[in-house]
Structure formats: structure tokens, C-alpha cells
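See structure below.
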Amino acid sequence: MSASLSSILAACALTWKFLSCFIAFFAIDRFGRCTLFIVSGTGMSACMAALAITASFGSTNKHASIASACFIFLFNIFYPIGFLGRNFLYCTEVAAVHLRVAMTSISAANHWLWNIVVVMVTPVALETTGYQYYIIYAILSACIPILVYFFYPETMNRNLELLIHVFRDASSLWKIVSMARNLPRGDSTDMDLMAYIEGKNGGSVEMKERI
């Protein structure tokens, strides 16, 4: 592509990404954090796999190049749905109050650190590995739905104070998600919360005192 056409496409893709952010703005409290993460990861994986296929035909294939551009725009729909703001929100919701600032700071620093790594590595990787570079991101993105489904508790409409105790009281990592499903809603009354705690055989004194 010429320099001008590349610049135009890049500007359009980033503008499209910005507009796609509003999808999650309206969907996050309707479908939940984990659902958006799963949809986002699945879509990103499919787009990266498609990019690997279309890029394997080489830059001389006009139809494959057009398809590649379309999948980049499609990727820029899926990515903002789950990982352009929702990840920072989720980090604050699963963090204990006394760790919330530290965890938010670490997650933000980690986010931008890997952005820098990707920006620096991508030109070299595309030059040396070509279409195979997209396969790496297809695999990484495919891991997201699996990890979220088994290990990420849903925080939408959950009482976040009790969610902290789920991490502590769960007998194993596999129990955290199922225990979180039974948590009272965030707008529950003190009586509802006490009833929930009394109904748990292992309800700790510390948890009761906290409520």
C-alpha cells in the first residue's frame, strides 16, 4: 500500500475502534463482565486466525488483502467490547478494598507495558515470520474464553464485599465461580446479607461482623 492509503486505513480502523467502545458501554451491565470477555476473546481469536489465512496468500493477492483489512475492522469491534476499559473495571471489582488502588495501578502499568512490547516487536515479527505471527494471537485469544469461564467470577450485580470472602473461603480455584453465582445482589439489604451468611454453614464470625 502507499503511505497515504495506509494512513487512511489506520485512521479509519482506530476511529472504528473508538465507536465500537460504545457497544460495551451499553452492554456491560446488561450481559455482564465475563460474557463480554468471552465474546471478545472468541471474536479476536477468530479474526486473528482469519488474518493468518488471508496474509498467507501474500501481499500480491488483492482479494486476500481486502479480506485482511475487513478482519482488522472486525477485530476492532471485538477488542473494545472486552478489553478497552472492562479489564480495568473488573480489576477494581475483584480487589479487596485495601488492595484496590495497588491492583488498579499494577493492572494499568501491565496493560501499557505489553502495549509497548507489542508495538516494538510487531514490525520485526511480521518481517521475519509473516502470517505466522497472527497465529500466536489467535491462540492467546482462544485461551481467554476458557480461562474466564472456569476462573473469573461474574461481578455484575454482586455484593463486592462478600466477593472478597469467596476468594478466601473457596476450597479450590474451581469453586470460586460457582460460589460467586450464589452471592447476594449489590443492592441487597442487611437482612438479606445476614440471611445469606446464616445459610452458609461455614459463615465466619469475621464476615458476620463485617456486615
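Between Cys12 and Phe26, the simple label model (points 7 Å from Cα in the Cβ direction) yields a spacing of 2.4 nm.
When Ser172, Ser40 are compared by accessible area of protein heavy atoms, the largest-first order is Ser172, Ser40, using a 1.4 Å probe. Approximating the spin labels as points 7 Å out from Cα along Cα→Cβ, the Phe88-to-Phe73 distance works out to 2.8 nm. Probing with 1.4 Å while keeping every protein chain in the model, the per residue accessible area of the chain equals 61 Å².
Within the full protein context, the accessible area of Ser141 is estimated at about 10 Å² for a probe radius of 1.4 Å. Note on Gln132 and Thr42: the extension gain reaches 30.5 nm, defined as 0.36 nm multiplied by sequence separation minus the Cα-Cα distance.
Computed from backbone phi with θ = phi - 60° and the Karplus coefficients 6.51, -1.76 and 1.60, the 3J(HN,Hα) list for segment 89-106 is 4, 4, 4, 6, 6, 8, 7, 5, 4, 6, 10, 4, 5, 5, 5, 5, 5, 5 Hz; x is used for glycine and proline. Two numbers describe the Cα atoms of the chain: Rg and Dmax, which are 21.2, 69 Å. Near Phe78: Cβ cut-off under 14 Å, other residues only, Lys/Arg at +1 and Asp/Glu at -1. The net charge is +2. As a calculated quantity, the FRET efficiency between His98 and Trp174 at R0 = 30 Å, using C-beta atoms, amounts to about 0.65.
With every protein chain in place and a 1.4 angstrom probe, the accessible-area ranking of Ile72, Ile38, largest first, reads Ile72, Ile38. Computed from Cα atoms, the angle from the helix 3-31 axis to the main principal axis of the chain rounds to 20 degrees. Each helix, a run of at least 4 DSSP H residues, gives -39500 (n - 2.57); summed and divided by the residues of the chain, these come to -26000 deg cm²/dmol at 222 nm.
Figure note: Tyr152, Tyr134, Tyr90 ranked by solvent-accessible area, largest first, 1.4 Å probe, ligands and nucleic acids not counted: Tyr152, Tyr134, Tyr90.
The values are calculated or read from the model by the stated rules, or taken from the named source; none is laboratory data. Since this is a predicted model, take the numbers as computed values, not measurements. When we count neighbours, we look across all protein chains shown, and the Cβ atoms used for this are built from the backbone with ideal geometry, even at glycine. Calculation scope for accessible area: heavy atoms of the full protein, side chains included, ligands and nucleic acids excluded. Shrake-Rupley method; radii C 1.70, N 1.55, O 1.52, S 1.80 Å.
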